[in-house]
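Participant: Pasting in a structure now, in structure tokens, and then I'll have a few things to ask.
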Amino acid sequence: MKKIVTVIGARPQFIKASMLSKEIKKYQNELEEIIVNTDQHYDKNMSDIFFEQLQIPKPKYNLGIGSGTHGEQTGKMLMKIEEVLIKEKPDYVLVYGDTNSTLAGALAASKLLIPVIHVEAGLRSYNKNMPEEQNRILTDHISKILICPTDTAVENLKKENITENVYNLGDIMCDSVIYYSKIADKTIVLKDNIKSLYGKNIDINKWYLTTIHRAENTADSKKLQTILSVLEELDEKVIFPVHPRIRKFVDELNEKNNYNNILFIEPVDYMTMLYLTKNAKKIVTDSGGLQKEAYILDVPCITVRDQTEWVETLENGYNVLAKPDYFELKQKIENAQINKKFEKKHYYGDGKTAEKIVKVLREE
Ligand code: UD1
């Protein structure tokens, strides 16, 4: 029996874990998974609703870390995860993505000489100012097994001399998009819920969907104001589920500018988000996950960043990068269009990444 401790803590990690944990459970005689939730995301809408809706196994440990500066948050996690690992003595520690929970899990394990499995290894923006880039690089360099989502990610690791135990198994988020978007489609109640959410009926393809939360766009409220002023002038309503990190700024700007075209709502559950994505006219975001979901679901996306780790999405107009500059952003949103002349390449896999990861875990 192999014992795996999985460390998760932020919203996108709950989504990824829901697919892999279900698959691991099928091999209960060979694999035991213990889930540790750092509670980096702790609001009901950022955490609990994901555990419920996606039927993620209950964590054995909830560390209750919550918010803080990066050092404080990561440091507290490191101490508590170490305690768990000393007690549980797992064969492997599994981490996802690039958050502070990822780095803390990997570092705690590495110091105890427990092999680390990094799912979503090898991504690079080549912008070291991003906390996520720091987390990715450090985690990759202390991982024993590196599960990459794309060939680009494998190549990125090669450039850093990481070539052993590197696998391209596709993107685990592609599994969840394929699996849950079908369920979301069939759930009529959900559609009614969405309509009542806004107090009016909005026709499919008649909204833009936006999420903005990265430090680079929100640390300076001028940038956020520029982005909102562009959204305010678009030809259809804009649905904006607001991350709690920017709630205060959004409320202040809304009070000052009284936006009519933007519907600021609380963060939504995963299936509602997939529904809103799939049926949106266009997406405007700075999220890594949403860029890819838009690509998989064939919705044009405008990413308000200077770089993207998901470079494949930039082909054939699926995704375009834009600075938070009024004229550039406005023009890029208006012009965004997928070039359907070319056959779409399925860079992110076939929705069977979880199965492939479990195969590696069983054979390692
Ligand atoms: C984190 C990840 C980011 C990922 C995002 C997904 C890092 C460095 N960044 O960013 O890569 O894209 O999660 O959503 O780990 N807050 C709440 N309630 C919550 C969660 C956060 O109020 O449930 C507020 C707090 O004020 C907190 C702030 O949001 O200080 C930022 O949260 P934090 O977890 O530090 O980073 P994210 O911005 O969510």
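Participant: Might you work out the accessible area of Cys174 for me, using a 1.4 Å probe with all protein chains in place, and round it to the nearest 10 Å²?
Facilitator: 10 Å²
Participant: Mark the label point 7 Å from the Cα of Lys158 along Cα→Cβ and return the residues of the range 322-364 whose backbone N is within less than 16 Å of it.
Facilitator: Answer for this model: none.
Participant: Then there's this: Could you give me the ³J(HN,Hα) list for the range 46-59, computed from phi with Karplus coefficients 6.51, -1.76, 1.60 and θ = phi - 60°, whole Hz, x at Gly and Pro?
Facilitator: Working through the residues one at a time gives 9, 9, 3, 5, 6, 4, 5, 5, 9, 6, 7, x, 4, x Hz.
Participant: Sorting Arg11, Arg245 by accessible area (1.4 Å probe), largest first, what list results? Don't skip to the answer; put the middle values down first.
Facilitator: Values: Arg11 60, Arg245 120 Å².
The residues order as Arg245, Arg11, largest area first.
Participant: Further question: Given a 1.4 Å probe and heavy atoms of the protein chains only, how would you sort Tyr326, Tyr180, largest accessible area at the top?
Facilitator: Details: Tyr326 60, Tyr180 5 Å².
The ordering from most to least exposed comes out as Tyr326, Tyr180.
Participant: For Glu72 paired with Ile137, estimate the spin-label separation in nm (one decimal), with each label point 7 Å from Cα along the Cα-to-Cβ line.
Facilitator: Distance between label points: 2.6 nm.
Participant: Right, something else. With a cut-off of 8 Å between alpha carbons and a minimum separation of six or more residues, what is the relative contact order of the range 1-103 in percent?
Facilitator: Working: 159 pairs, mean separation 39.5, N = 103.
Computed over the range 1-103, the figure is 38 percent.
Participant: Where in the chain are the DSSP H helices whose alpha-carbon span along the long axis reaches 18 Å or more and whose Kyte-Doolittle mean is at least -1.0?
Facilitator: Details: long enough: 11-25 (21 Å, -0.47); 70-88 (26 Å, -0.49); 172-186 (22 Å, 0.33).
The answer, listed by residue number, is 11-25, 70-88, 172-186.
Participant: Taking a 1.4 Å probe, which of Leu314, Leu321, Leu85 shows the most accessible area, and what order do the others take after it? Before the final figure, lay out the partial values.
Facilitator: Details: Leu314 65, Leu321 45, Leu85 5 Å².
Largest accessible area first, the list is Leu314, Leu321, Leu85.
Participant: Let me make sure I get this right: for the range 178-335, a, b and c are the square roots of the gyration tensor eigenvalues over alpha carbons, sorted descending. Under 1.5 in a/c it's rounded, otherwise prolate if a/b > b/c, else oblate. Which is it? Kindly include the intermediate steps, with their values, before the conclusion.
Facilitator: Numbers: a/c = 1.64, a/b = 1.15, b/c = 1.43.
The shape class here is oblate.
Participant: Given a 1.4 Å probe and the protein chains all in place, what does the accessible area of Thr163 round to, in Å² to the nearest 10?
Facilitator: Ignoring ligands and nucleic acids, Thr163 comes out at about 90 Å².
Participant: In nm, give the distance between the simple-model label positions of Leu113 and Glu266, each being 7 Å from the Cα along the Cα-to-Cβ direction.
Facilitator: 4.9 nm
Participant: While we're on this one: Met1: accessible area at probe 1.4 Å, nearest 10 Å²?
Facilitator: 140 Å²
Participant: Work out the FRET efficiency for Ala219 and Lys344 from their Cβ-Cβ distance, taking R0 = 22 Å, and round it to the nearest 0.05.
Facilitator: Working: r = 36 Å, r/R0 = 1.62.
Approximately 0.05, to the nearest 0.05.
Participant: Report, to the nearest whole %, how much of the accessible area of the chain belongs to carbon and sulfur atoms, 1.4 Å probe, protein only. Write down the numbers at each step before the final one.
Facilitator: Details: 7980 of 16140 Å².
Of the solvent-accessible surface of the chain, carbon and sulfur hold 49 percent.
Participant: Turning to a different aspect of this structure: Need one word for the range 63-114: rounded, prolate or oblate. Basis is the Cα gyration tensor (sqrt eigenvalues a ≥ b ≥ c); a/c below 1.5 gives rounded, then a/b vs b/c decides.
Facilitator: Details: a/c = 2.15, a/b = 1.56, b/c = 1.38.
Because a/c hits 1.5 or more and a/b exceeds b/c, the range 63-114 counts as prolate.
Participant: A further question on this structure: Using 0.36 nm per residue of separation minus the Cα-Cα distance, give me the extension gain between Asn129 and Asp48 in nm, one decimal.
Facilitator: Values: separation 81, 0.36 × 81 = 29.16 nm, distance 3.08 nm.
That works out to 26.1 nm of additional length.
Participant: Just want to confirm a number: the relative contact order over the range 178-335, from Cα pairs under 8 angstrom separated by 6+ residues, in percent. Display every interim value, and only then the final one.
Facilitator: Numbers: 234 pairs, mean separation 38.6, N = 158.
Once divided by the residue count of the range 178-335, the mean separation gives 24 percent.
Participant: Once you keep just the Cα pairs under 8 angstrom separated by 6 or more residues, what percentage relative contact order results for the chain?
Facilitator: Working: 671 pairs, mean separation 54.9, N = 364.
Computed value for the chain: 15 percent relative contact order.
Participant: Is the range 46-92 best put as rounded, prolate or oblate by its Cα gyration tensor, with a ≥ b ≥ c the root eigenvalues, rounded for a/c under 1.5, and otherwise prolate when a/b is larger than b/c, oblate when not?
Facilitator: Working: a/c = 2.98, a/b = 1.17, b/c = 2.54.
Oblate, since a/c reaches 1.5 and b/c is not below a/b.
Participant: Only sites in a loop by DSSP and with at most 13 other Cβ atoms within 10 Å count here; which chymotrypsin sites (Phe, Trp or Tyr not before Pro) in the range 197-256 make the cut? If you can, show how the numbers build up before the last one.
Facilitator: Numbers: sites: Tyr198, Trp207, Tyr208, Phe249; in loops: none.
Qualifying residues, ordered by number: none.
Participant: Using the alpha carbons of the chain, what is the convex hull volume per residue in cubic angstrom, as a whole number?
Facilitator: Numbers: hull volume 48.3 nm³, N = 364.
For the chain, the hull spanned by Cα atoms encloses 133 Å³ per residue.
Participant: Can you give me the distance in nm between label points at Asp325 and Ile183, each placed 7 Å from the Cα along the Cα-to-Cβ direction?
Facilitator: It is 4.4 nm.
The values are calculated or read from the model by the stated rules, or taken from the named source; none is laboratory data. Nothing here was measured: the structure is a model prediction, and the numbers come from that model. Reconstructed Cβ throughout: ideal geometry from the backbone, glycine too, with neighbour counts over all protein chains shown. Protein only, heavy atoms only, side chains kept; ligands, DNA and RNA dropped before computing areas. Shrake-Rupley method; radii C 1.70, N 1.55, O 1.52, S 1.80 Å.
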